[in-house]
Amino acid sequence: MRAVYAEEPYKIGIRDIPVPEIGEDEVLVKVAYTGICGSDLHAFHGKHAFRKPPVMLGHEVSGTICKMGSAVKGLTLGQPVAVMPQINCGKCRACLSGKEHLCEHRIMPSTPGWHGLGTFADYVVAPAKVICPLGDVPLKLGALTEPLSVATHLMSRVPAGHDENLVIVGAGTIGLLLLAIATAYGFKNILITDILDENLELARKLGAAKTVNVLKTDGVSAVKEHFGELGCETVLVAAGGPDILEQAMDMCRPGGTIMFVAMITEPSTFVSYPIVFKELNILGSFNYTMADFDTSVEFLRTRGEGISSIITHVMPLDDAAAAFKILNEKSEFAIKILMKA
C-alpha cells in the first residue's frame, strides 16, 4: 500500500509498504480521506515532540471497515467510521479516574505501539475500541471528526453558567470549528481574531458577530469596544504568539475564564498580577475522549454544511508533497487539506 512519510525535514516521500496485519481485537480500515494537521507540519519541519523523520504521518481519518479480528463485536464490514487516534492503557491513575485522554501510557499513530503507522496511507489498523461509527455522515465530512473533537472537548471544559459572550483568538482550523459549534453551548455574541482576512471572511460566514485582523487593529481594544471596558467573560485561545497570554488576560473580564488549546512551545514571560487581581481562571484542554468523538459525529450530522466550509482542498494521496508545500509556503489560501486515498 502507499504510505506518506516525512523522509527528512522538508521532504515528503511515498513508500510502498505491506498492508498491516490485524490482531484479534483490531480492525483494518480502508482509508477514504485523511487530513493534514498542524502537528503533521511540525513533523515535516522536524520539530515534532516525538514524530521525527523518517516517520509516517497522519492521524485524522475516515474510511470503511474492510477486515475485522475474531474478537471484534458490534462493528460490521463496510461500515463507515472514523478513528480516535489514541489508545489508553486503562490501568493508570488517569484512566482509572475517567481521564483516559491523559493516559500516562497512551499510544499514538506513528509510534511503535501503533505498528509505527500513521493514517496517510491506503489502509490503517486500529483497535476496535477506538473505532467511531459515522452513521450517515459522509466520509469526506467524517475526516473532520478528530479536529472537531479537539473543539468539543474544549467546550466541555468551559465552566457552566457563562454568559453569551465569547472571544476566540485564532481563526485557523480549531478556532473556526469552535466558532461553528459555539452556539450549541450558549454563546451568541462571538468575536474572533486572526491575521488573515480570508480566514476572517469564513468566520463571518460561520456566524461571528465581529472579526478582527490583529495586524490592522489592536485586538484588546476591539474586544473592549465590542463587549465593554471590562472585556469578555470567556476567551478561547487557539493561536500562538509571544504575548498571547497577556493579551488574553487583558481581554478577559474579572472572574472570567481563559481556555488554552493552542500548544505554544516557545518560552514567554508574563506579569501574573491580572490573574490574581481579576481572579481569572486559566485552563488547558488536551486531546479528547470517545464521548467527544460521539458528540462530534452528531455535530457533523446536524451542522455539517457549515463545518465543511473549512475544507479548502481535497488532493490525491499521491500529491502529498504538493499539499505540504501549500501549507508550508502559504502559497494559497488553505485551512484544512484532505487527502483522498
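Quick notes
- Members of region 55-111 found to be among the aliphatic types (A, V, I, L, M), touching a helix residue (DSSP H, G or I) at 6+ places or on another chain (Cβ under 7 Å) and under 29 Å from Phe44 (Cα atoms), listed by number: Val55, Leu57, Ala82, Val83, Met84, Ile87, Leu102, Ile107, Met108
- Figure legend. Inter-residue proximity from region 186-202: first residues free of Cβ contacts under 8 Å to residues at least 60 places away in the same chain, second residues of a type in the set (Asp, Glu), beta-carbon distance below 7 Å, spacing 6+ or different chains. Indicated pairs: Gly186/Glu164; Phe187/Glu164; Lys188/Glu164; Asn189/Glu164; Leu200/Asp194.
- Only one entry in Leu77, Leu144 is at pLDDT 95 or above and open to solvent by 20 Å² or more (accessible area, probe 1.4 Å), namely Leu77.
- Scanning region 103-126 for residues that are in a helix (DSSP H, G or I) and either surrounded by 15 or more Cβ atoms within 10 Å (Cβ to Cβ) or charged (D, E, K, R) (or both) gives a single hit, Trp114.
- Here Ala160 meets each of (1) open to solvent by 10 Å² or more (accessible area, probe 1.4 Å); (2) under 20 Å from the mean Cα position of the chain (by Cα); (3) aliphatic (A, V, I, L, M) with one exception, condition (2).
- Residue that is farthest from the chain's Cα centre (by Cα), among those in region 94-128 that are touching a residue at least 40 places away in the same chain (Cβ under 8 Å) and at positive phi: His115
- Residue match in region 214-227 (condition: open to solvent by less than 50 Å² (accessible area, probe 1.4 Å), closer than 17 Å to Gly175 by Cα and assigned to a loop (DSSP other than H, G, I, E, B)): no
- Members of region 174-211 found to be in contact with a Gly (Cβ under 6 Å, 6 or more places away or on another chain) and open to solvent by less than 10 Å² (accessible area, probe 1.4 Å), listed by number: Thr193
The values are calculated or read from the model by the stated rules, or taken from the named source; none is laboratory data. Quick caveat, the model's predicted, so the values are computed rather than measured. So basically every Cβ, Gly included, is an ideal-geometry build from the backbone, and we count neighbours across all protein chains shown. The accessibility values were calculated without ligands, DNA or RNA, using every heavy atom of the protein model including side chains. Shrake-Rupley method; radii C 1.70, N 1.55, O 1.52, S 1.80 Å.
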